[in-house]
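Scroll down for the structure; my scribbles are underneath it.
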Amino acid sequence: MMRKSNLSSRLLLLMLLLSGLPASAQEQMLPLRFNPKAEAGYAAAVRSPLALPFVDDFSYDGPGPDPQRWINRQAYVNPFYAINPPSIGVATLDGLDAFGYPYDTTSFKLNVIGGADTLTSQPLLLGLLTPADSLYLSFFYQAGGLSDFPNTSFFNSSNYGIPYGDSLVLEFKDAGGVWRKVWAADGVTAPTPFVQVLVAIKSPAFFHNDFQFRFRNYANLIGQYDCWHIDFVRLDKNRSAANDVLNDAAMQYAPSSLLKNYRTMPWKQFYAYQNKERASQIYSSIRINRNQPTNITTQLAAVDQATGQQIHLSPQNAYNLPALSSTPVQHSGFALPNLSADTVVIKTKFFLIPGFSGDLVADNDTAYGETVFSNVLAYDDGSAEAVYRLLGSPASLALRFVLNTPDTLRGMQIYFPRTDADLNNQLINLFVWKSLVPEDSLLRDELIFPAYGAGRDGFVFYRFSRPLYIQDTFYIGWQQVSLLTDMKIDVGFDRNDTAMQHLFYNVSGAWQNSQLPGAIMVRAVVGDDIPFGVGMPGEAACPDVRIVPNPATEAVQVQVPLGGSWSVVDLQGRCLMRQELTAGRTILDVSQLPAGSYVVLIGQGREQKYIRKKLIIAR
């Protein structure tokens with residue numbers, strides 16, 4: 001079954017959300033809780049005050065807002081999270097700071113609500129204007145979109161006098177430097193469409209040459225919760241509440257992938273098999289932000305990033321689009337020339353030519369995308385709008401891939417987001433299967449410590465203990481091993497692509513096909529050998545904690561600097577031994593443990609933070 005395009009997936013997802021499609025009791029799609037994002041030395045210096053008009057629709061590369069217009073970068077500029085935006089790109093406010101870390105890194109409590117992101121404009125020159133100039137600030141906002149929506153609360157909040165915690169607030173700075181609340185929105189019970197707001201600037205206190213406005217959100221502070229998306233911010237004079245329609249036509253989404261079955265794949269697996277692997281159509285969508293029908297012409301171009309060579313330019317397509325509409329548009333897919341290399345990146349550009357004068361923002365007339373050919377097979381687009389959670393232990397998850405020509409499987413990449421499902425107390429057994437029914441495993445790497453990646457949507461490479469020669473279909477995944485607590489592991493979930501037909505889980509002895517539309521962020525790595533030093537780190541070095549001898553036969557000596565606890569867990573997640581430890585050295589009898597591999601959890605400190613060690617019993 002082919003992978004749906006971005007646009008088709010979004011429309012399918014919207015229908016599923018509206019229909020209230022239930023998930024099974026074992027597999028869940030949850031909001032992304034904690035998602036570190038990289039920071040590249042950004043410094044937002046305050047510049048000279050700006051003259052009107054002020055317009056920003058965030059139709060540019062993020063992750064931070066344009067420093068020419070905004071003085072901070074806590075909002076995340078992205079083209080992934082919104083549904084049916086006025087233009088491509090939004091500024092998302094959530095529970096993550098400017099570096100992508102939770103504002104609350106200690107409690108991990110879901111009911112802690114507080115001030116989170118702030119999006120503050122550069123100073124603006126309003127000193128020569130008066131209320132008679134009819135100034136309005138307008139913007140569009142959406143609660144949730146494809147990510148977690150800000151929900152209503154069962155308690156009252158003192159934040160600006162609004163009756164609940166999750167909220168979006170707009171403030172103006174007066175001549176005395178005091179921020180005044182001028183508008184606020186409460187949480188919702190379901191994701192909402194975009195709504196435009198117009199706020200008149202009438203008070204004389206705001207007509208000065210250091211005027212600023214800012215958006216702030218109050219949210220759950222432990223991660224990517226309670227998301228508000230802001231688009232098309234505009235401040236200008238000679239406006240009225242009755243004339244709130246923009247004179248603009250805009251692309252809404254990046255062009256869909258050039259591939260039909262994958263988002264990323266090796267050139268070796270693609271070039272000779274283009275007829276089955278390339279998409280027949282390249283999709284996007286156009287938003288008409290005008291109150292009259294509009295003629296639009298579109299075109300699609302593609303460039304080889306390595307050489308800059310244009311490899312495709314489509315014929316123009318003409319459309320007559322209704323007023324205030326969102327319309328899917330498409331161009332035919334195309335064959336690629338032989339660009340054989342270790343990595344090939346095809347940049348695509350889907351652009352519109354407006355058939356009217358005075359288009360408000362020219363930048364949003366073009367949407368960019370890329371299709372990557374590398375040593376990775378992937379269904380996801382690299383952005384996690386949510387998390388996929390599998391409950392239970394033992395519980396297994398498998399993702400199916402199909403090769404067009406034999407290749408060598410080296411390992412897998414996984415994006416494990418930081419959530420309330422703490423990976424520090426979890427283990428997995430990595431698997432490769434030839435088939436699931438009947439179950440035929442090709443490889444089992446036991447007692448693997450899952451690791452968090454670096455940066456936003458950061459993958460970690462898990463090298464298999466040996467390379468596998470694969471001819472066609474294979475499955476990769478893991479078995480969850482519970483350590484002391486009920487097992488739950490979260491993996492990044494891309495809601496802009498659909499690959500659920502390839503995802504399977506097993507919690508009761510039988511494999512089941514996933515029912516959640518999306519693509520988990522698990523990737524197969526094939527091809528040439530991967531240099532050592534690339535991938536997940538080994539067992540963390542803890543020189544103050546030692547277990548000797550290891551392998552052991554009858555007894556072990558455990559050395560810890562502090563008192564704590566000792567637990568031994570087998571491959572099925574069963575706790576076989578548990579004992580308190582005193583500071584210093586403790587001798588423990590392990591003669592009753594059968595020969596094999598085990599995990600030792602050594603808890604230390606008041607919060608019982610666990611150090612994980614492997615223990616081998618050899619007889």
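For Gly369, are the conditions met, namely being out of contact with any Lys or Arg (no Cβ under 6 Å at 6 or more places or on another chain) and more than 23 Å from Asp472 (Cα to Cα)? Yes; evaluated as a whole, the condition is true for this residue.
Residues that are without any contact (Cβ under 8 Å) to a residue 12 or more places away in the chain and of a type in the set (A, V, I, L, M, F, W, C) do occur in the range 358-367. Residue pairs whose Cβ atoms lie under 9 Å apart, sitting 6 or more positions apart in sequence or on different chains, and linking a residue in the range 434-460 that is under 24 Å from Glu385 (Cα atoms) and in contact (Cβ under 8 Å) with a residue 40 or more places away in the chain to a partner that is among the small types (Gly, Ala, Ser) and in a strand (DSSP E or B), are Asp457/Gly492; Phe459/Gly492.
Each residue in the range 393-419 was checked for being farther than 24 Å from Gly509 by Cα and modelled with pLDDT under 95, and 5 of them qualify.
When the range 479-515 is filtered for residues that are among the hydrophobic types (A, V, I, L, M, F, W, C), at pLDDT 95 or above and part of a loop (DSSP other than H, G, I, E, B), only Ala499 remains.
Residues are listed down the side, and each one gets a yes or a no for (1) among the charged types (D, E, K, R); (2) loosely packed, with under 14 Cβ neighbours inside 10 Å; (3) assigned to a loop (DSSP other than H, G, I, E, B); (4) not assigned by TED's automatic domain parsing to the domain that holds Leu321:
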site: Ser257; (1), (2), (3), (4): no, no, yes, no
site: Asn261; (1), (2), (3), (4): no, no, yes, no
site: Asn275; (1), (2), (3), (4): no, yes, no, no
site: Ser284; (1), (2), (3), (4): no, no, no, no
site: Arg287; (1), (2), (3), (4): yes, no, no, no
site: Gln292; (1), (2), (3), (4): no, yes, yes, no
site: Ile296; (1), (2), (3), (4): no, no, no, no
site: Leu300; (1), (2), (3), (4): no, no, no, no
site: Gly308; (1), (2), (3), (4): no, yes, yes, no
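Residue count for the range 198-227, restricted to those that are modelled with pLDDT of 95 or more and in contact with a Phe, Trp or Tyr (Cβ under 6 Å, 6 or more places away or on another chain): 5.
Of all residues in the range 157-170, none are aliphatic (A, V, I, L, M), within 29 Å of Pro53 (Cα to Cα), at pLDDT 95 or above and in contact with a Ser or Thr (Cβ under 6 Å, 6 or more places away or on another chain). For Thr105, the criteria (1) of a type in the set (Val, Ile, Thr); (2) modelled with pLDDT under 95; (3) in a strand (DSSP E or B) hold in every case but one, which is (3). So is Ala323 closer than 30 Å to Ile201 by Cα, among the hydrophobic types (A, V, I, L, M, F, W, C), in a loop (DSSP other than H, G, I, E, B) and without any contact (Cβ under 8 Å) to a residue 12 or more places away in the chain or not? Judged against the criteria, Ala323 is not a match. Count of the range 71-99 residues, restricted to those that are buried (at least 23 other Cβ atoms within 10 Å of the Cβ) and not in a loop (DSSP other than H, G, I, E, B), is 6.
Could you check the range 109-156 and list, in sequence order, the residues that are modelled with pLDDT of 95 or more and among the acidic types (Asp, Glu)? Answer for the range 109-156, where residues must be modelled with pLDDT of 95 or more and among the acidic types (Asp, Glu): just Asp133. Residues to consider are Asp244, Asp236; find the one that is under 21 Å from Ser87 (Cα atoms) and at pLDDT 95 or above. Just a single option satisfies the conditions, and that option is Asp236. Taking the range 232-260 as the range and being on the phi < 0 side of the Ramachandran plot and out of contact with any strand residue (DSSP E or B) (no Cβ under 8 Å at 6 or more places or on another chain) as the test, the residues that pass are Ala242, Asn243. Scanning the range 53-70 for residues that are charged (D, E, K, R), part of a loop (DSSP other than H, G, I, E, B) and modelled with pLDDT of 95 or more yields Asp57, Asp66, Arg69. If you go through the range 361-412 and pick out every residue that is touching a His at 6+ places or on another chain (Cβ under 7 Å) and assigned to a strand (DSSP E or B), you end up with 2. Taking the criterion of being under 27 Å from Asp381 (Cβ atoms) and aliphatic (A, V, I, L, M), the residues of the range 441-463 that qualify are Ile448, Ala451, Ala454, Val460.
Selection over the range 328-371 of residues that are loosely packed, with under 15 Cβ neighbours inside 10 Å and of a type in the set (A, V, I, L, M, F, W, C) gives a count of 5. With respect to being within 12 Å of Ile282 (Cβ to Cβ) and either within 28 Å of the chain's Cα centre (by Cα) or of a type in the set (Phe, Trp, Tyr) (or both), Thr343 falls outside the description.
Sub-7 Å Cβ pairs linking a first residue in the range 236-248 that is among the β-branched types (Val, Ile, Thr) to a second residue that is assigned to a loop (DSSP other than H, G, I, E, B), at least 6 apart or interchain, are Val245/Arg290; Val245/Asn291, ordered by first then second residue.
For every residue, the table says whether it meets (1) in contact (Cβ under 8 Å) with a residue 40 or more places away in the chain; (2) under 30 Å from Thr473 (Cβ atoms); (3) part of a loop (DSSP other than H, G, I, E, B).
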{"position": "Tyr253", "(1), (2), (3)": "yes, no, yes"}
{"position": "Phe270", "(1), (2), (3)": "yes, yes, no"}
{"position": "Val303", "(1), (2), (3)": "yes, no, no"}
{"position": "Pro315", "(1), (2), (3)": "no, no, yes"}
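Entry remark, the range 452-461: residues being assigned to a loop (DSSP other than H, G, I, E, B) and surrounded by 17 or more Cβ atoms within 10 Å (Cβ to Cβ) number 5 in total.
The values are calculated or read from the model by the stated rules, or taken from the named source; none is laboratory data. Computed from a predicted structure; not experimentally measured. Don't worry about glycine lacking a Cβ; one is built from the backbone with ideal geometry, like all the others, and counts go over all protein chains shown.
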